[in-house]
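Since the structure comes first, as structure tokens, the remarks are kept for the end.
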Amino acid sequence: MNTDKNNIYIKNSLFSSKDGFFEIPYLSNSPQVMMESIINLPVATHNKTTQKVHTENDFFDGNMNYIEVEEGLWLFAYNFDVKQNIIANAFYDDHVPADYFYLTLSVFEYELPVLKQEKNIVLLSKCWTLYRPKTMVSMYFYKNTSGRFINFVFNKKWAEANICTTFPALTSFFNAKTGYLTWLDQVPGEHDLFEAIYKQFLST
């Protein structure tokens, strides 16, 4: 892996402006690669003992917690407050294997102004997204958005041994060419489920 080349690209692209959004690039080949990519951001502070990455800057404040549950399965939890419009862009190193799938459960709060009202209203958006390796993912976050999400990151070998028999649709997704699937506000009780998982994860 050409670490120096990727680090230079990330540093040169970090918070570059395009179409009103400030870019945050990161590598996404695997959980280890993604974690190291985020840790190496010049605005990030890493606590190896607590497995936590923290940042406070002019564009957003946030935290990332991570844990390798077992071989082939990682969990990441994020929470952040957005100060400017930002876009998080995943990219891949062609010289490094990319065989991990990402299942993301996210909860975002958006403030919207309402005519003739002093206070903005807050909308809650809940979303599941599943995407396959080497999918180019761009996540847009608008100013004054608060968000939290959990990434379940697993490879095909782990999924086939642990969950494909329970969720056979995953096998079809593995064999298809579809880059990603999204379910927006369609899963009953997903907000309560998110809160339970998020709380349990941060307590481990």
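Looking at the stretch 17-116, the DSSP beta bridges with both ends there are about 75 percent antiparallel. Taking θ as phi - 60° and the Karplus parameters 6.51, -1.76 and 1.60, the scalar couplings of the stretch 16-30 work out to 5, 9, 8, 6, x, 10, 9, 7, 10, x, 7, 7, 9, 4, 7 Hz in sequence order, x denoting glycine and proline. Simple point charges give the picture: +1 on the Cβ of Lys and Arg, -1 on the Cβ of Asp and Glu, and for the stretch 1-59 a dipole about the Cα centre of about 180 debye.
Might you work out the accessible area of Lys52 for me, using a 1.4 Å probe with all protein chains in place, and round it to the nearest 10 Å²? For Lys52, solvent-accessible area is about 80 Å². Apolar share of the accessible surface for the chain: 53 percent from carbon plus sulfur atoms, 1.4 Å probe. Remark: spin-label model distance Asn12-Ser138 equals 2.0 nm, labels positioned 7 Å along the Cα→Cβ axis. Shown here is the pair-distance distribution of the stretch 15-116: with all Cα-Cα distances grouped in 5 Å bins from zero up to the longest one, the shares run 2, 10, 19, 23, 20, 14, 6, 3, 2, 1, 0, 0 percent. Accessible area of His191 (1.4 Å probe, protein heavy atoms only, ligands and nucleic acids ignored): about 60 Å². Shown are Tyr142, Tyr92, whose ranking by accessible area with a 1.4 Å probe and every protein chain present, most to least, is Tyr142, Tyr92.
DSSP finds beta bridges in the chain, and of those with both partners inside it, around 90 percent are antiparallel. Think of the chain as having a plus end and a minus end, set by charges on the Cβ of Lys, Arg, Asp and Glu; of Ile38, Ala176, Asn6, Ala176 sits farthest toward the positive end of this dipole. Remark: the stretch 94-176 carries a charge dipole of roughly 100 debye about the Cα centre, counting +1 on each Lys and Arg Cβ and -1 on each Asp and Glu Cβ. With contacts taken as Cα pairs under 8 Å and at least 6 residues apart, the chain reaches a relative contact order of 21 percent. Each principal axis of the chain carries a Cα extent, and these read 56, 45, 36 Å when sorted largest first. Given a 1.4 Å probe and the protein chains as shown, Thr45 ends up with an accessible area of around 90 Å².
On a per residue basis, the chain carries 58 Å² of accessible surface, using protein heavy atoms and a 1.4 Å probe.
The values are calculated or read from the model by the stated rules, or taken from the named source; none is laboratory data. Here the structure is a predicted model, which is why all the values come from computation and not from measurement. Positions of Cβ are generated from backbone atoms using ideal geometry, with glycine treated the same way; all protein chains shown enter the neighbour counts. Quick note on the areas: whole protein, heavy atoms, side chains included, nothing else; ligands and nucleic acids left out. Shrake-Rupley method; radii C 1.70, N 1.55, O 1.52, S 1.80 Å.
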